[in-house]
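Right, one structure below, let's go through it.
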Amino acid sequence: MNTTIAYITFRGMLGRRRALLLFFLPAVLLLFSVALRALGDDSLDSASAVLWTFGLAVLLPLVALIAGTGVIGPEIDDGQIMYILTKPISRASVIITKYLCAIVLILAFTVLPVWLGGAIMLGPGSDLPAAFAVGVLAGGVAYGAVFVALAVVSRQAVTIGLIYALVWEGLIGTFAPGTQVLSVQHWSLAIIDRLTSSTTVNAAVSLPVSAVLLILVTVGALTLATARLRTLTLASSD
């Protein structure tokens, strides 16, 4: 990991207007959690529904999309990435640094709020908040890699990412259960299902399959991003 690139990346990410969404989205989850607890609607079913339908299905993919595309996409669009690529830094190091920055943002603005929201609703005695936090982190690892790769490969990364997260996983995954095996959300859900004793979470994909696919997608996306970044260097030379 290159600390200079990481510093520039964090400064750029938190200084853009899109960073407001990074704070707004988890704030909505936490406010909703506080409201449910204050109203006395803090049952396991209610907490699971909030963490699943908002935390896992909405907050995670949107924050991962903002973080994954934001750590490198704007630099490619305005040409600033070429300043980094002219330095004696391996392309793999650039991608890994950008990816780790995205993971830190996902951890701060998704994983922690999901755990805290669950703890607010259920208290310290339930295993559901920690299970969702681990599952969300696993999903964020894959989402982050995919969205970083999309930002390197296409200038329409945000649009493509929204279509995948909201249309494929949200709509098609709901009405066509067979597609859930190709859903990061449901791979994460398999981990959550294994880590909690609650019967409110039922995964449609087995844990072994989910684990293998999470690893393959993450490694494959980072490999693709690195290869594509090398072609950007060649193109700039021409």
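Every number in this text was worked out from the coordinates using simple rules, so none of it is lab data. The shown structure was predicted, so the numbers you read here are calculated from the model rather than taken from an experiment. Counting neighbours? That spans all protein chains shown, and the Cβs are built from the backbone with ideal geometry, glycine included.
Counting only C-alpha contacts under 8 Å and six or more residues apart, can you give the relative contact order of the stretch 1-139 as a whole percent? Don't skip to the end; give the middle numbers.
Values: 122 pairs, mean separation 56.0, N = 139.
With pairs under 8 Å counted, the relative contact order is 40 percent.
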Karplus-derived HN-Hα couplings along the stretch 23-29 (A = 6.51, B = -1.76, C = 1.60, θ = phi - 60°), whole Hz, x at Gly and Pro
8, 5, 4, x, 5, 4, 4
Inter-site label distance for A227 and A49 at 7 Å from Cα along Cβ, in nm
4.5
In whole Hz, what ³J(HN,Hα) sequence does the stretch 134-149 give by Karplus (6.51, -1.76, 1.60; θ = phi - 60°), x for Gly and Pro?
5, x, 5, 4, 4, x, x, 4, 6, 4, x, 5, 4, 6, 5, 4
In nm, give the distance between the simple-model label positions of A38 and Y7, each being 7 Å from the Cα along the Cα-to-Cβ direction.
4.2
